[in-house]
Amino acid sequence: MVENTDYKQSCYIKREEATKLQGMMGINNVEDVDIYDVVKDQYREMSQVSVDNPSVIYELRDAGSCWEGDIKYYQSFLYDNKYIVGTWYEVNNNEIKSIKSNENKFDLKNIDMESVVDTASFSDQVTKWANLLGQDIPYIKRLAFDIEVEVGDTMPDTSKALQRVTAISFHSDDRKQVYTLKRPEVAMGEEDIDREYEIIWFNDEKELLKQAFEVIDSYPVVLTYNGDIFDMPYLCNRANALGLEYNPFKMMKEKATLNNGIHIDLYSVFSNRSLKIYSFGAKYRVNNWSFVLKTASIDLDADMDMVFAQVHYHF
């Protein structure tokens, strides 16, 4: 975890527009700079505006008066500090140091160089990317979860969240559990002594959600399948409807995200056309979780490792 409180995101505006920013809340500094316009192949006189809050840049962007206003905060942090996505760094006492990895020897003999104009530059770039993409995939503690909701006459509405959450299943290296709500009208069934997961029963839905939220909040990475638009928005709004004091989710229009940690929706990952056409032998052609697991023919942990290989370099 790095807490770089000194970093200020910035954007560029025309110098004649800079005078209008005087006294604007959130502006940290305005400095005249000359930047190179790659489209027009010339330098331009601009003003670099650094801000205390990224939302100020969004206001300038929406007003149509800034350049680089679409760059997200974390991307600006990476670009400005010249960090390379996909490589290893050591973080110690809030200091970041790059780790020199063992370079992979990449054989260029099988590459046709006849159409390459600058073979030296091409070779350097191919070797650099081969070394980057050949680095080990990091292990990050993560949790996958899925919810079950009572279904009445209509499908559950995530914005209203009127039906009870009847079960939440968790899967990780250290947890295989199903939090289940006891319902008098539904038989509990017979005990399966050979099962690989643990069923934990709750008499109260509110207590079920409270303990489930503690589990979700204890993992740095959380994975769902179509959780962006169903599981997480439903849990967020259901928690609010029940009056829970703590809610690990927050709404973003129709979708929801985590207050803490990183959420990865695997439905979006497997919607990637490269997975459908050629990656992993083009075996993930259908965006269906049961199809994904059946096609992979491996357990969930191994499946997550495979997915992380994709996510790691596209995050």
*Provide, as a two-decimal number, the C-alpha radius of gyration of the range 191-238 over 2.2 N^0.38 Å, N being how many residues it has.*
1.37
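Among 82/250; 176/253; 141/255; 72/253; 206/250; 160/255, which pairs are too far apart, with a Cα-Cα distance over 20 Å? Mind showing how you got there, number by number?
Numbers: 82/250 31 Å; 176/253 32 Å; 141/255 24 Å; 72/253 18 Å; 206/250 18 Å; 160/255 14 Å.
Violating the 20 Å limit, Cα to Cα: 82/250; 176/253; 141/255.
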*Would you mind working out the magnitude of the charge dipole of the range 111-183 relative to its Cα centre, with +1 at each Lys and Arg C-beta and -1 at each Asp and Glu C-beta, to the nearest 20 Debye?*
780 debye
*Under 5 Å between amide H atoms, partner at least 5 residues away or on a different chain: which partners does residue 33 have, H built in plane at 1.01 Å?*
46, 47, 48
*List the residues of the range 106-145 whose backbone N lies under 15 Å from a point placed 7 Å from the Cα of residue 88 along the Cα-to-Cβ direction.*
131-140
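State to the nearest 20 debye the size of the charge dipole of the range 10-80 about its Cα centre, where the only charges are +1 on K and R beta carbons and -1 on D and E beta carbons. Display every interim value, and only then the final one.
Working: 7 positive and 14 negative charges, 28 e Å.
In total the dipole reaches around 140 debye.
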_Coordinate range along principal axes, alpha carbons of the range 21-160, Å, largest first_ = 62, 54, 41
*Normalised convex hull volume, the range 142-267, alpha-carbon set, Å³ per residue*: 115 Å³
*asked:* What are the ³J(HN,Hα) couplings of the range 171-181, residue after residue, when phi is run through the Karplus curve with 6.51, -1.76, 1.60 and θ = phi - 60°? Round to Hz, x for glycine and proline.
replied: 9, 7, 4, 10, 8, 9, 9, 10, 7, 10, 8
*Counting only Cα, what are the radius of gyration and maximum Cα-Cα distance Dmax of the range 1-91, in Å?*
14.4, 43
*Report, by chain and number, residues whose modeled amide H sits under 5 Å from the one on residue 149, excluding near sequence neighbours (fewer than 5 apart, same chain).*
166
*Which ³J(HN,Hα) values in Hz, rounded to whole numbers, follow from the phi angles of the range 185-200 under the Karplus curve 6.51 cos²θ - 1.76 cosθ + 1.60, where θ = phi - 60° and Gly and Pro get x?*
7, 10, 5, 6, x, 8, 6, 9, 6, 9, 5, 8, 10, 10, 9, 10
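None of the figures in this text is laboratory data; all of them are computed from the coordinates on show. Given the structure is predicted, the values throughout are model-derived calculations rather than measurements. With ideal geometry, Cβ positions are generated from the backbone for all residues, glycine too; neighbour counts draw on all protein chains shown.
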